[in-house]
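Here the structure is laid out as structure tokens; the discussion comes afterwards.
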Ligand SMILES: C[S@@+](CC[C@H](N)C(=O)[O-])C[C@H]1O[C@@H](n2cnc3c(N)ncnc32)[C@H](O)[C@@H]1O
């Protein structure tokens, strides 16, 4: 029998009880317990290598409910057991819980900053022959890294820029690899660039293959995967864009990721988040600048990689 005032705590207890074969009914998806059990969301998220911001917990519960209903699962414990064995289920959960909204040249002021300030400075400061390395992290269906590829082509830098792009979602990466888009994705892209860089077929636009090939796609679960990962080429970046991702993650993950991103930059390297993302300066010894495009972080020259003091 459930007691109303302590639902979250009792659901945690019930989960343990259920796994040892007792008290099955407490986890029933139709009950109110799941909708209030942030700890269950955290457990499920942890299993799929994610974290979920407090503000997104309710949406995550609805998403988990939908998926359980579509799979005919009545109990959270069945879901938890299945996740380990069923990679497709894990991917479906990731896609239910994440938000993939994006478009080409989203946040135009930030792309202006990249074109007018960051790329010219990197070009001046990097030794001849060494590439400029950019990472789009949480790249969704590819619009962000391909916008960077277009920008570099426009600036005549394609031959010296390497672009990596990563996401936790397999589906997002498959969509990114297809590099084919509809009007909605191109709503911020001028006619001239549409003609220059896309091959139109009806209402679909396919990015020119030579540009698509410039972006290297990899699966990364931010917060769960070890970073930097030099063996996978995920280290020593001159510029990282991690925009509209951290806003969806919980505070502990944001702290950890801030330190990881710091360590993934070369000295003097740049990190851009979106205006709505949580601030990172508290969690790693970044230099911060207020620019026309909002806050931009840099790894100072000769800084230590040691963990920042989270309390300051
Ligand atoms: C709203 S989209 C942002 C896309 C692009 N950066 C932009 O600003 O337009 C967020 C993306 O982050 C990805 N994501 C969420 N959590 C992630 C994690 N822990 N690791 C890697 N990618 C993650 C989602 O799959 C989704 O594709």
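The values are calculated or read from the model by the stated rules, or taken from the named source; none is laboratory data. From a predicted model like this one, the values you see are computed outputs, not experimental measurements. All Cβ positions, even for glycine, are placed from backbone atoms using ideal geometry, and neighbour counts span all protein chains on display.
Among the residues of region 190-206, is any within 16 Å of the ligand (Cβ to nearest atom) and not assigned by TED's automatic domain parsing to the domain that holds residue 46? Among the residues of region 190-206, not one is within 16 Å of the ligand (Cβ to nearest atom) and not assigned by TED's automatic domain parsing to the domain that holds residue 46, which makes the answer no. Within region 124-151, the residues that satisfy the criterion of being buried (at least 16 other Cβ atoms within 10 Å of the Cβ), in contact (Cβ under 8 Å) with a residue 60 or more places away in the chain and part of a helix (DSSP H, G or I) are 144, 145, 146, 148, 149, 150. If the condition is being away from the ligand (no atom under 11 Å from the Cβ), surrounded by fewer than 16 Cβ atoms within 10 Å (Cβ to Cβ) and either part of a helix (DSSP H, G or I) or in contact (Cβ under 8 Å) with a residue 40 or more places away in the chain (or both), then region 169-189 contributes 174, 177, 178, 183, 184, 187. When residue 279 is tested against (1) assigned to a loop (DSSP other than H, G, I, E, B); (2) surrounded by 16 or more Cβ atoms within 10 Å (Cβ to Cβ), only condition (2) is not met. Residue count for region 156-168, restricted to those that are surrounded by fewer than 22 Cβ atoms within 10 Å (Cβ to Cβ) and in contact with a helix residue (DSSP H, G or I) (Cβ under 6 Å, 6 or more places away or on another chain): 1.
Could you tell me whether residue 224 is modelled with pLDDT of 95 or more and either within 13 Å of the ligand (Cβ to nearest atom) or assigned by TED's automatic domain parsing to the domain that holds residue 137 (or both)?
On the way: modelled with pLDDT of 95 or more: no; either within 13 Å of the ligand (Cβ to nearest atom) or assigned by TED's automatic domain parsing to the domain that holds residue 137 (or both): yes.
The answer is no for residue 224.
Test residue 271 against the criterion of being closer than 23 Å to residue 126 by Cα and in contact with a helix residue (DSSP H, G or I) (Cβ under 8 Å, 6 or more places away or on another chain), and give yes or no. Give the derivation first.
Working: closer than 23 Å to residue 126 by Cα: yes; in contact with a helix residue (DSSP H, G or I) (Cβ under 8 Å, 6 or more places away or on another chain): yes.
The answer is yes for residue 271.
Among residues of region 100-117 that are closer than 17 Å to residue 161 by Cβ, those with a beta-carbon under 6 Å from a residue that is part of a loop (DSSP other than H, G, I, E, B) and near the ligand (Cβ under 10 Å from one of its atoms) at least six positions away or on a different chain give the pairs 111/105.
The set of residues in region 106-120 being out of contact with any strand residue (DSSP E or B) (no Cβ under 9 Å at 6 or more places or on another chain) and part of a helix (DSSP H, G or I) consists of 108, 111, 112, 115, 116, 120. Summed over region 195-227, the residues that are without any contact (Cβ under 8 Å) to a residue 40 or more places away in the chain and surrounded by fewer than 16 Cβ atoms within 10 Å (Cβ to Cβ) give a count of 13.
For region 61-78, name all the residues that are within 16 Å of the ligand (Cβ to nearest atom) and surrounded by fewer than 19 Cβ atoms within 10 Å (Cβ to Cβ). Steps first, answer last, please.
Going residue by residue through region 61-78, those that are within 16 Å of the ligand (Cβ to nearest atom) are 63-64, 67.
Within region 61-78, just 67 meets the criteria.
So which residues in region 228-252 are closer than 20 Å to residue 165 by Cβ, out of contact with any helix residue (DSSP H, G or I) (no Cβ under 8 Å at 6 or more places or on another chain) and in a helix (DSSP H, G or I), if there are any at all?
At the first step, the residues of region 228-252 found to be closer than 20 Å to residue 165 by Cβ are 228-249.
From what's left, out of contact with any helix residue (DSSP H, G or I) (no Cβ under 8 Å at 6 or more places or on another chain): 229-233, 244-245, 247.
Within region 228-252, 230, 231, 232, 247 meet the criteria.
Looking only at region 96-112, decide whether some residue is surrounded by fewer than 21 Cβ atoms within 10 Å (Cβ to Cβ), within 13 Å of the ligand (Cβ to nearest atom) and within 18 Å of residue 40 (Cα to Cα). Yes: one or more hits.
Rundown of residues vs (1) surrounded by 16 or more Cβ atoms within 10 Å (Cβ to Cβ); (2) modelled with pLDDT of 85 or more; (3) in the same structural domain as residue 219 (by TED's automatic domain parsing); (4) under 21 Å from residue 140 (Cα atoms), yes/no style:
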position	(1), (2), (3), (4)
14	yes, no, no, no
20	no, no, no, no
23	yes, no, no, no
29	yes, no, no, no
32	no, no, no, no
37	yes, no, no, no
53	yes, yes, no, yes
59	yes, yes, no, yes
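Do we find that residue 94 is assigned to a helix (DSSP H, G or I), touching a residue at least 12 places away in the same chain (Cβ under 8 Å) and closer than 30 Å to residue 67 by Cβ in this structure? Full working, then the answer.
Details: assigned to a helix (DSSP H, G or I): yes; touching a residue at least 12 places away in the same chain (Cβ under 8 Å): yes; closer than 30 Å to residue 67 by Cβ: yes.
So residue 94 passes the test.
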